[in-house]
1. Calculate, for A:E208 and B:E175, the FRET efficiency according to 1/(1 + (r/R0)^6) with r their C-beta to C-beta distance and R0 51 Å; round to the nearest 0.05.
2. Just the number please: accessible area per residue for region A:1-125, 1.4 Å probe, all protein chains included, in Å².
3. Placing +1 at every Lys and Arg Cβ and -1 at every Asp and Glu Cβ, with all other atoms neutral, what dipole size does chain B have around its Cα centre, in debye to the nearest 20?
4. Please report, to two decimal places, log10 I(q)/I(0) for the protein assembly as shown at q = 0.10 Å⁻¹ as given by the Debye formula with identical point scatterers on the Cα atoms and no solvent.
5. Taking every residue in A:257-265, how many Cβ atoms of other protein chains lie within 10 Å of its Cβ, on average?
6. Counting alpha carbon pairs within less than 8 Å and at least 6 residues apart, what relative contact order, in whole percent, applies to chain B?
7. When ranked by the protection proxy of mean other Cβ atoms within 10 Å per residue, highest first, what sequence do the peptides A:211-217, B:103-109 form?
8. Run the numbers on chain A and let me know its relative contact order in percent, using alpha-carbon pairs under 8 Å that are six or more apart.
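The values are calculated or read from the model by the stated rules, or taken from the named source; none is laboratory data. Remember, predicted model here, so these are calculated numbers, not experimental data. A quick note on method: Cβ atoms are made from the backbone with ideal geometry, for glycine too, and the neighbour counts reach across all protein chains shown. These area figures cover heavy atoms from the full protein model, side chains too; ligands, DNA and RNA do not enter into them. Shrake-Rupley method; radii C 1.70, N 1.55, O 1.52, S 1.80 Å.
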Amino acid sequence: MRIFDPHIHMTSRTTDDYEAMYAAGVRAVVEPSFWLGQPRTSPASFFDYFDALLGWEPFRAAQYGIAHHCTIALNPKEANDPRCMPVLDALPRYLVKDGVVAVGEIGYDSMTPAEGTALAAQLQLAADHGLPALVHTPHRDKLAGLDRTVDVVRESSLPMERVLLDHLNETTVKHAKDSGCWLGFSVYPDTKMDEGRMVAVLKEYGPEKVLVNSAADWGKSDPLKTRKVADAMLAAGFGEDDVERVLWRNPVAFYGLSGRLRLDVPVPQTQSLHEGNSILRGGE
Amino acid sequence: MTQPSFRTRDDVSAALPDDTARAWFDEALADAAAAAQAPPQAPSPYLAHPWELRFAAAGRHCGHDNADAVRALLLVEARAGLETLTRLYRHGSAAERRAVLRALPALVEGPHAVHLVEDALRSNDTRLISAAVGPYAAAHLEPHAWRHAVLKCLFTGVPLDAVAGLAQRAAGDGELARMLTDYAAERTAAGRDVPDDLGRVLNLTGEEPKEL
Ligand SMILES: [Zn+2]
């Protein structure tokens with residue numbers, strides 16, 4: 001089974017996770033830039049973070065046979081801090097990079113005017129750079145937040161079919177599907193979706209334009225959730241082709257809109273060949 | 001040039017996948033040449049010149065196998081000086097940084113760009129480490145840093161074939177021989193294999209190998 005996790009924050013994960021993900025069938029990931037739990041206070045710390053998403057993290061992923069791409073943006077939470085706003089001005093030089101396959105995560109968090117400004121500006125940047133956009137939907141006041149998000153996307157110059165609306169659930173999936181956007185579901189312990197509910201949504205709405213991700217990060221999360229959804233789909237009577245569609249072809253099609261996906265990562269070296277590698281031995 | 005990635009414009013053009021890529025390559029070179037004629041004013045972390053955006057995008061437009069060569073030619077065409085090279089390195093993805101490192105011998109006389117080599121050698125990314133130990137490092141890296149670079153290659157699994165001028169610089173280097181011997185002893189004490197390359201470079205020093 002071949003799995004593409006279209007939303008996972010590998011910066012926060014260990015090499016054990018990479019190993020377990022490879023064993024579970026994960027061969028490609030997209031890491032959206034987001035906030036790190038601790039708010040940043042200057043553009044420079046964003047630049048170091050973006051550089052890591054374009055340098056160290058893809059290198060680390062490749063050691064484990066996993067293709068790594070990223071999405072770059074000023075996230076909504078930190079868009080509320082005026083000290084971070086200059087990040088928007090630096091985005092054009094990042095959005096041309098070969099490893100960047102979308103603008104994201106953008107969207108609303110607390111539905112503030114600053115978030116709205118950053119969202120609209122970055123949808124325009126996506127349109128200008130030939131990139132799709134990963135738009136996260138808010139965790140609080142979800143349905144109103146989704147509708148507002150869809151309105152902003154509709155007013156932008158980015159076509160709906162180049163937008164992935166993420167963190168959807170039972171209450172937002174219908175409006176999201178009606179909008180014509182791609183549909184992202186985060187399967188995350190305790191919050192967001194779980195495997196059983198995900199399968200029920202797939203039964204009701206079908207696999208078309210649906211992407212499932214683990215959204216694993218520094219919170220209580222599970223980087224193998226994609227595989228668990230695949231197994232739950234098979235157990236519920238979905239065929240191999242539907243599983244491959246949701247967990248591989250749909251993310252390839254969506255991020256492929258960038259024209260920048262490269263999925264040809266060599267098979268990882270065996271453990272013994274890893275012996276001399278500094279990743280396995282830590283940072284010295 | 002000793003660098004296989006440094007090819008002529010015609011060679012590179014012939015290697016490109018199609019006419020679209022060739023047209024893009026020609027335009028990118030023209031942008032770079034224009035920047036050489038009229039150096040644009042004050043670049044910042046927030047702005048990049050058109051040819052620098054092309055430098056970043058070379059992989060997907062020209063094919064990733066051609067990217068190093070295309071980027072090297074853009075640097076030459078733009079007559080990139082130390083300031084520009086430093087900015088492109090600092091703003092670069094790993095692939096862009098590697099291209100800057102590989103182009104250094106052709107672009108920089110003297111040791112002024114050695115800080116970029118040192119930066120790459122502080123990383124643990126083997127793509128950067130192997131690009132850092134090319135002819136520019138052979139010519140300009142001071143002895144202590146050069147010895148640590150050799151050791152780091154052994155440590156991270158970068159084949160010592162990547163180290164330019166290995167035989168010349170290792171010859172008669174007793175301090176390098178000592179470091180290699182100590183490293184071999186540490187590996188042996190831990191019950192690990194000693195990399196084959198270690199014995200090879202120890203031989204090149206011409207110093208008496210102590211007990212391994
Ligand atoms: Zn996320």
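1. Working: r = 66 Å, r/R0 = 1.29.
Computed FRET efficiency for A:E208 and B:E175 comes out at 0.20.
2. 28 Å²
3. Numbers: 22 positive and 29 negative charges, 64 e Å.
So the dipole magnitude of chain B works out to roughly 300 debye.
4. -0.83
5. Working: counts 0, 1, 2, 3, 1, 3, 0, 1, 0.
Other-chain Cβ atoms within 10 Å of each residue's Cβ, averaged: 1.
6. Values: 236 pairs, mean separation 30.5, N = 212.
Relative contact order for chain B comes out at 14 percent.
7. Numbers: A:211-217: 27.9, B:103-109: 19.4.
Ranking the peptides A:211-217, B:103-109 by packing returns A:211-217, B:103-109.
8. Working: 527 pairs, mean separation 59.1, N = 284.
In percent, rounded to a whole number, it is 21.
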